[in-house]
Amino acid sequence: MPLSATNFAQPRPVPVGIRSNEKSLSSDPFRFRFRGSPSFLGSPHSLRFNPTPPLKLAIPHCRRSAAAAVTDVSNGTMVKSSANMLITKEEGLELYEDMILGRFFEDMCAQMYYRGKMFGFVHLYNGQEAVSTGFIKLLKKEDTVVSTYRDHVHALSKGVPARAVMSELFGKATGCCRGQGGSMHMFSKEHNLIGGFAFIGEGIPVATGAAFSSKYRREVLKEASADHVTLAFFGDGTCNNGQFYECLNMAALWKLPIIFVVENNLWAIGMSHLRATSDPEIWKKGPAFGMAGVHVDGMDVLKVREVAKEAIERARRGDGPTLVECETYRFRGHSLADPDELRDPAEKARYAARDPISALKKYMIENKLANEQELKSIEKKIDEVLDDAVEFSDESPLPPRSQLLENVFADSKGFGIGPDGKYRCEDPKFTQGTAHV
Amino acid sequence: MLRAIRHKNILPAFSAFRAFSSSAKEMTVREALNSALDEEMSADPKVFLMGEEVGEYQGAYKITKGLLDKYGPERVLDTPITEAGFTGIGVGAAYYGLRPVVEFMTFNFSMQAIDHIINSAAKSNYMSAGQISVPIVFRGPNGAAAGVGAQHSQCYAAWYASCPGLKVLSPYSSEDARGLLKAAIRDPDPVVFLENELLYGESFPVSAEVLDSSFCLPIGKAKIEREGKDVTITAFSKMVGYALKAAEILAKEGISAEVINLRSIRPLDRSTINASVRKTNRLVTVEEGFPQHGVGAEICTSVIEESFGYLDAPVERIAGADVPMPYAANLERMAVPQVEDIVRAAKRACYRSVPLAATA
C-alpha cells in the first residue's frame with residue numbers, strides 16, 4: 001500500500017528563523033556586554049555581565065499584545081490595559097500556587113537533606129519555577145514531560161502528588177517509583193512524566209522518541225486523538241552535547257511535536273556557560289536546523305507562558321518542533337553538595353531581585369487580580385500540603401526485601417509473548433525445549 | 001570517515017549441512033531474518049524499523065531488503081548517522097508502547113549509543129518500579145568479519161550480557177535467527193540481538209514448522225546441537241559451526257562431544273549446561289570475544305558453583321586473542337578461535353594430549 005511521502009521521508013524546506021517578536025538582542029546591553037571581552041575565557045569573574053541598572057531598561061518585547069508583563073510592572077514602565085490582562089484570576093492563582101509548591105517543596109527538601117532523611121544527589125530548582133510552571137501548566141495530562149536530574153518541580157507541576165515525590169526522595173515504598181528511582185529518576189506513567197535522567201542529554205532523544213510515537217500513532221496507527229506534545233527540559237550545559245544536535249536535526253527533519261526547553265541558568269555546576277560555549281546564544285541553534293528558535297526571560301512566568309502557548313500550539317498542529325531558550329537562574333547550588341563558590345554574589349543578588357514568585361505576586365496585586373490575603377492563604381495551604389507530605393513519607397515503610405529483585409524485566413521468564421497474546425512460558429511445549437529440525 | 005565496509009555476500013569456506021533434516025527446504029540466515037521482520041511487521045503495526053541504510057539501500061547487509069517497499073517510509077526509517085540520537089528516539093518510542101527494531105550497522109557502532117541501551121532502556125523498568133517497560137530490539141552484526149580491522153571486529157556479548165535488564169540473544173542457524181528474532185520482537189523487554197555477518201549467507205535446512213509465521217523460540221533456553229558423552233562444548237553464533245566441525249573431527253578419534261548452542265547469553269541457560277556437564281564431566285567453552293570477563297568465564301563459574309564435584313578435568317576456555325583485532329589475514333586467523341583450537345582443547349580436557357604452551 002503506497003504511502004504518500006510523509007514528513008518522515010522528505011526533508012522540509014528550511015524556514016527562515018522564526019524568533020519571538022523582539023528587537024535584535026545584540027543591541028541589548030544587559031545581555032551582551034561580554035562581546036568585547038578577550039577570547040581566553042579564564043575566570044568567570046571577568047565575564048560577568050556588566051549592565052547598566054537593568055530594571056530601568058525597556059525589556060525587549062516578546063509579545064505583540066499591549067498587555068503588561070510582570071517585569072514591566074516591576075520596572076514601573078508598565079502600560080496597563082485592564083481588558084488585556086494576560087491571565088485571569090483563576091489562572092493567576094493556579095500559577096502562583098504551582099510556583100509556591102515548587103519553591104516550598106525544594107526548601108523542604110533542603111531541610112530534610114540536612115536532617116539526614118534524604119540522601120545521595122539532590123538537585124534543587126529554586127529560582128527556575130517560572131519555566132516549569134509557565135510550560136507545564138499549559139499541557140494536557142496526556143502530554144509528555146521529560147526532564148533531567150533537576151526534576152522534582154517538573155514532577156509536581158505535571159501533577160505527581162507531593163506525597164509521592166517526597167516519599168520517593170526518602171526512599172520509601174510509597175514513592176512514585178517505590179523508592180527505586182530516587183531524586184534523579186522520577187517516573188510516572190499516569191502523569192506522563194517519563195524521567196528523570198541523570199546523564200546530561202540523555203532525556204532529549206527519549207523525549208524525541210515520545211514525540212515520534214505521538215506522530216506515529218496519528219499517522220500510521222491512525223489514532224486521530226493522538227496529538228500529544230512532548231516537552232524536553234534540559235540546561236545550558238547540555239546544549240554542547242552531541243545528542244542535543246542529533247535530536248534537533250531529527251525532530252526538524254521528521255517534524256516531530258516536541259518543544260526543546262533550555263533552562264539556561266548560566267552555570268553547569270561550576271562551569272560558566274560563557275566559558276563552555278563558542279556561541280552562547282542557544283536559541284540561534286534552532287534556525288540552524290530549520291526550526292523556530294525563541295529566547296525568553298525565564299524569570300517571568302507570564303512571558304514564558306506566552307512563548308509556551310505558541311510553541312505548544314505549533315507542535316499540536318503538526319508544524320514541528322521549537323527550541324525555546326529560557327534565561328533563568330538557580331538560587332541554590334548545583335546540588336546540595338555543591339559549595340557554590342564560583343558564582344559571583346552580585347550576580348546572585350541581581351537574579352534574586354527578579355524572583356519569579358515575588359514578581360508574579362506583585363503583578364497580581366497591582367493588577368487587582370488577587371489580594372495579599374488570598375496569596376497568603378495559598379502559601380499556608382501549601383505549607384500544610386508539605387507538612388502532610390513529610391509526615392506521610394516519614395511514616396511510610398521502607399521497601400521490602402522482596403522488592404530488590406522485582407521489576408528488572410517486564411517478562412522475566414524471557415520467553416516472550418506468543419501470537420495468542422499470552423506469555424509463552426505458559427505454553428507447555430515451550431518449557432520443554434526447542435522446535436526440532 | 002570510513003564507517004563500514006560493505007561486503008558483497010562472502011560465501012563461507014564450509015557449508016553447514018546437517019545430516020538430520022526431514023525437509024529439503026533450505027534458507028539462508030539473511031532470508032530467515034528478513035522473513036521474521038516481514039512477518040512481525042505485518043502482524044503488528046506498532047513494529048517499525050530504524051537504522052542507517054535500512055530503507056532505500058535495502059539494508060547494509062540486505063537484511064531489510066524489500067521492507068521499505070512493502071511498509072513504506074513511515075515504518076522503515078532511514079536515519080542520519082546519529083546512533084545516540086536514534087537509539088534514544090527508539091527508546092522513547094518504546095516507552096509509549098511502540099515496538100522499534102533498531103539496527104546498528106555493526107555492534108561496534110552501538111558504543112555510540114550504549115548510554116541509551118543500558119541507561120534508558122535496560123534500567124527503566126527497574127527505576128520506574130514496573131511502570132515503564134521498553135519493548136525494543138537492538139540488532140545487528142556482532143564480532144569479527146573478514147579483514148575489517150580492530151574497530152569493526154569486537155564481540156559485545158559479554159558487555160551486554162553483564163547488564164541486568166537486558167536480554168541478549170545470539171542465533172546461529174536460520175531456525176535460530178527466525179525464532180529468536182520473532183521472540184525478541186514480541187518480548188516486552190529490551191533485547192540485544194547479536195547476529196554475525198559471516199553467517200548471513202549461510203544456508204541451513206528448515207522444517208515446515210520453522211516457516212510458520214507464529215514460530216517462536218523461547219528466550220533463555222539453549223539447544224543441544226549434537227549429543228555426546230565425553231566432553232561438553234558450549235558455543236554461540238559462528239563458533240557453533242566451528243564446534244560442530246570440531247566434534248566431527250573428535251568423533252573420528254573416539255571422543256564423543258556434546259555441542260551446546262547457547263542461543264541466549266542472557267539469561268544464560270545454566271541448567272542445560274550444568275546437566276550436560278554432569279553427564280560428560282568435561283567442559284570446553286568457545287567464544288569469539290576477548291577472554292577476560294567473557295561469556296566463557298561466566299559459564300565456567302556457573303559450572304564450578306553448581307557442578308564442581310562432577311568435573312573430571314579443568315574447564316577449558318577458548319576465546320579470541322587478548323588483543324585488538326589485527327588486520328593481516330594470517331594474524332586475524334590467529335586472533336580468532338579456529339576448529340583446531342577447539343579440537344586441541346577438547347583433547348586436553350579429555351587428557352588425550354600434552355597441554356601446549358603456545359595457546360594464547
First measure r as the distance between the Cβ atoms of A:F199 and A:K381, then evaluate 1/(1 + (r/R0)^6) with R0 = 35 Å and state the FRET efficiency to the nearest 0.05. 0.45
Taking Cα pairs closer than 8 Å and at least 6 residues apart, the relative contact order of chain B in percent is 16
Candidate cut points under trypsin sites (Lys or Arg not before Pro) in the stretch B:195-230, DSSP loop plus at most 14 other Cβ atoms within 10 Å of their own Cβ, are B:K229
For a Förster distance of 25 Å, can you work out the FRET efficiency between the beta-carbons of B:S256 and B:R278, rounded to the nearest 0.05? 0.95
Which of rounded, prolate, oblate describes the stretch B:58-190, given a ≥ b ≥ c as roots of the alpha-carbon gyration tensor eigenvalues and a/c under 1.5 marking rounded, otherwise prolate only if a/b is larger than b/c? rounded
Full extension between B:E305 and B:E209 adds, at 0.36 nm per residue less the Cα distance, a length in nm of 30.8 nm
Answer rounded, prolate or oblate for the stretch A:89-399, using the Cα gyration tensor with square roots of eigenvalues a ≥ b ≥ c: rounded when a/c is under 1.5, else prolate when a/b is larger than b/c, else oblate. rounded
Distance between modelled label sites at A:K309 and A:E91, nm, 7 Å Cα→Cβ extension: 0.4
What dipole magnitude, in Debye to the nearest 20, does the stretch B:25-211 give about its Cα centre under +1 on Lys/Arg Cβ and -1 on Asp/Glu Cβ? 360
Hey, rough spin-label estimate for A:V408 and A:A337, points 7 angstrom out along Cα→Cβ, what's it come to in nanometres? 2.7
Neighbours of A:K89 by Cβ distance under 11 Å: Lys/Arg at +1, Asp/Glu at -1, summed charge -3
Below 8 Å, C-alpha to C-alpha, sequence gap of six or more: please give me the relative contact order for the stretch B:223-350 in percent. 29
In the stretch A:96-163, with Lys and Arg counted as +1 and Asp and Glu as -1 at Cβ, which of these residues, A:T144, A:V131, A:G120, has the Cα nearest the positive end of the dipole, that is, farthest along it? A:G120
Given axes a ≥ b ≥ c from the Cα gyration tensor, I'd like to know whether chain B is rounded (a/c under 1.5), prolate (a/b larger than b/c) or oblate. prolate
Under a plain spin-label model, where a point goes 7 Å from the Cα along Cα-to-Cβ, how far apart in nm are B:V323 and B:A150? 1.0
Quick check: Cα centre of the stretch B:24-86 to Cα centre of the stretch A:334-375, how many Å? 53
Sparse-neighbourhood loop hits (GluC sites (Glu not before Pro), the stretch A:282-371; DSSP loop; Cβ within 10 Å at most 12 others) -> A:E341
Non-local amide H neighbours of B:T28 (under 5 Å, H modeled in plane, Pro and chain starts lacking H): which ones? B:F204
Treating only the Cβ atoms of Lys and Arg (+1) and Asp and Glu (-1) as charged, compute the dipole magnitude of chain B about its Cα centre; round to the nearest 20 debye. 540
Tell me which chymotrypsin sites (Phe, Trp or Tyr not before Pro) from the stretch B:280-360 have a DSSP coil assignment and no more than 16 other beta carbons within 10 Å of their own. B:Y327, B:Y351
Estimate the FRET efficiency between A:F121 and B:S271 by the formula 1/(1 + (r/R0)^6), using the beta-carbon distance for r and 35 Å for R0, to the nearest 0.05. 0.30
Specify which residue in the list A:G159, A:A337, A:G318 is farthest towards the positive end of the charge dipole of the stretch A:89-399, using unit charges on the beta carbon of Lys, Arg (+1) and Asp, Glu (-1), about the Cα centre. A:G318
Chain B: longest segment with zero exposed GluC sites (Glu not before Pro), where exposed means DSSP loop plus at most 15 other C-beta atoms within 10 Å, is residues B:57-226
Just add up the charged neighbours of B:S307: K/R +1, D/E -1, any other residue whose Cβ is under 13 Å from the Cβ of B:S307. +1
Treating only the Cβ of Lys, Arg, Asp and Glu as charged (+1, +1, -1, -1), what charge dipole size does the stretch A:89-399 show about its Cα centre? Round to the nearest 20 debye. 640
Given contacts defined as C-alpha pairs under 8 Å and at least six residues apart, what's the relative contact order of the stretch A:89-399, whole-number percent? 24
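Computed from the coordinates by the stated procedures, all read-outs in this text should not be read as laboratory data. On a predicted model such as this, the values are computed, not experimentally measured, just so you know. Virtual Cβ from ideal backbone geometry, glycine too; neighbours counted across all protein chains shown.
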